[in-house]
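Data first, discussion second: the structure below is written as structure tokens.
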Amino acid sequence: MHILAIFAIFIVCTLLTLPIAFGMELSTIVMLFAQGDHNAMLTILTKMFTGANSSSFLAIPFFVLAGTLMEHGGISDRILKFASGLVGHLRGGLALVQVLVATLFAAVTGSAVASTTAVGSLMMPTMNKKGYDKGFVAALQACAGTLGPIIPPSINMIVVAAMTGESVANLFMAGIIPGLLIAGFLMVVGYLYARKNQIPLEPRMKAKEVAKAGISSLWALLTPVIILGGIFSGLFTATEAGMIACVYSIIVSGLVYRELTFSKFVAAVKNAAIASAQIIFLIAMANVFAWVLTRMNFGAICTNLIGSLTSNPTLFLLLMVVFFLIIGCFVEITAAITIFVPVLYPIASTYGVGFAFLIIMLLTMAIGQITPPVGVLLSITTEMQGIRIIDTFKYLPSVLLAMLAAVLLCTFFPQIITFLPQLIGTL
């Protein structure tokens, strides 16, 4: 009964558009007082501190800062020109470029919001002029933006690693193929849309210009190579990788491209500080929420319920896909990770699919960044387009099905997830 009550309060707070962290805080306070804990506020403060007091979380502000520095440093313009040279002349070229730029930018920043805003601000005006419907452009960009936390480096994967003890490097590698699958399916959607609506072909860029654009963007595209290479070679940890990414971002944006001015640097630091504080506070508050659920034996209830439904690992993963598709409509991805990973990861491990479960959860929750009522990325892209969310509804089924197809492939064939970590012998 108490479990239903705490979730009911939390859902009501979410529907009232209260920030997720404050919704968890309010529902926790009410429940602790209802259970007779008159020191509820002290309990919450203590648990918040212990939940955020992990050296692994130091990587978060560094990666966030690296992403904002790249965003303000002219990286997106160069990646756009390079992507245009590669696929811009094909049918639906601008839609293909939109997805490809988002994919490459995701490998640089690791942030869904940064990828969505940076790529969207560059691509949307041009696509609108070329005959793409604003609703389609907004829906496609929102889905492409989800690649930020899937393709490494990923802030959410760092959070997952800190909570489960899994290797950050393994999680980074595991996200590459699923992320590319989503990008590929979204490109198919863009191609089919352009063919159906007779979108004109764009002129082909000369090979010399493509090569020049590739060389210009090379410094930016080396970012994930340096980060992943350093982590896998054992030269530095994930936290140290974040620091190195910051220094490298400053060098590339400020000294190589010479577009990171002092005012842009200050703006990037300010944005990174705010974003990092929001993430850490959310993690701290979700730790309290998860602790209360644990006191109520929520984990044991879930274990018994799921065990009574199936003993098959694939069916278990399918149940998790359905569960997180629903949760994603109401709960932000980082909050969902911190609430449900401590409960569901041990259960997934008993089925022998603990590692695959983590990636599938991230993939499924990425869809939640598109689906209303929360739909953070869709809200961003529709606002950038100056349209209502309802204007995207006729295009959402196709782009969401593309993402869901990738999720289901990984669910039925977990080898897609584990292939790269096993190939390099770290899993």
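The values are calculated or read from the model by the stated rules, or taken from the named source; none is laboratory data. Since the model is a prediction, treat every value here as computed from it, not as a measurement. Quick reminder, even Gly has a Cβ in these numbers, built from the backbone with ideal geometry, and neighbours come from all protein chains shown.
What to note about this one:
- Counted residues, the stretch 322-347 - those being surrounded by fewer than 24 Cβ atoms within 10 Å (Cβ to Cβ), assigned to a helix (DSSP H, G or I) and not β-branched (V, I, T): 9
- Where a residue in the stretch 63-86 is in contact (Cβ under 8 Å) with a residue 12 or more places away in the chain and part of a helix (DSSP H, G or I) and its partner, wherever it lies, is buried (at least 24 other Cβ atoms within 10 Å of the Cβ) and of a type in the set (S, T, Y), with Cβ under 6 Å and at least six apart: A66/S249; G67/T109; G67/S111; L69/S249; L69/S253; M70/T109; M70/S249
- Looking only at the stretch 284-295, and only at residues there that are among the β-branched types (V, I, T) and either touching a helix residue (DSSP H, G or I) at 6+ places or on another chain (Cβ under 6 Å) or buried (at least 20 other Cβ atoms within 10 Å of the Cβ) (or both), the one that is farthest from A112 (Cα to Cα): V292
- Yes/no for V269 being modelled with pLDDT of 85 or more, out of contact with any strand residue (DSSP E or B) (no Cβ under 7 Å at 6 or more places or on another chain) and hydrophobic (A, V, I, L, M, F, W, C): yes
- Residue count for the stretch 129-159, restricted to those that are of a type in the set (S, T, N, Q) and without any contact (Cβ under 8 Å) to a residue 24 or more places away in the chain: 0
- Residues in the stretch 253-271 that are crowded, with 18+ Cβ neighbours inside 10 Å and under 24 Å from the mean Cα position of the chain (by Cα): S253, A268, N271.
- Residue selected from the stretch 62-107 under the condition buried (at least 24 other Cβ atoms within 10 Å of the Cβ) and among the polar types (S, T, N, Q), by the criterion farthest from G242 (Cα to Cα): Q98
- Candidates are the residues of the stretch 345-361 that are among the aliphatic types (A, V, I, L, M) and in contact with a Pro (Cβ under 7 Å, 6 or more places away or on another chain); the one that is farthest from S154 (Cα to Cα) is V353.
- Considering the stretch 22-68, the residues that are of a type in the set (G, A, S) and at pLDDT 75 or above include one that is nearest to S167 (Cα to Cα), namely A59.
- Condition met for T223 (under 20 Å from the mean Cα position of the chain (by Cα), in contact (Cβ under 8 Å) with a residue 60 or more places away in the chain and surrounded by fewer than 20 Cβ atoms within 10 Å (Cβ to Cβ)): no
- Inside the stretch 348-377, residues that are without any contact (Cβ under 8 Å) to a residue 60 or more places away in the chain, β-branched (V, I, T) and not in a helix (DSSP H, G or I) make up a count of 1.
- Residues that are in a helix (DSSP H, G or I), more than 19 Å from G93 (Cβ to Cβ), modelled with pLDDT of 85 or more and touching a Lys or Arg at 6+ places or on another chain (Cβ under 8 Å) do occur in the stretch 129-149, at least one of them.
- Taking the listed residues F298, F236, F281, the one that is at pLDDT 80 or above, over 30 Å from R91 (Cα atoms), of a type in the set (F, W, Y) and surrounded by 14 or more Cβ atoms within 10 Å (Cβ to Cβ) is F281, with no other qualifying.
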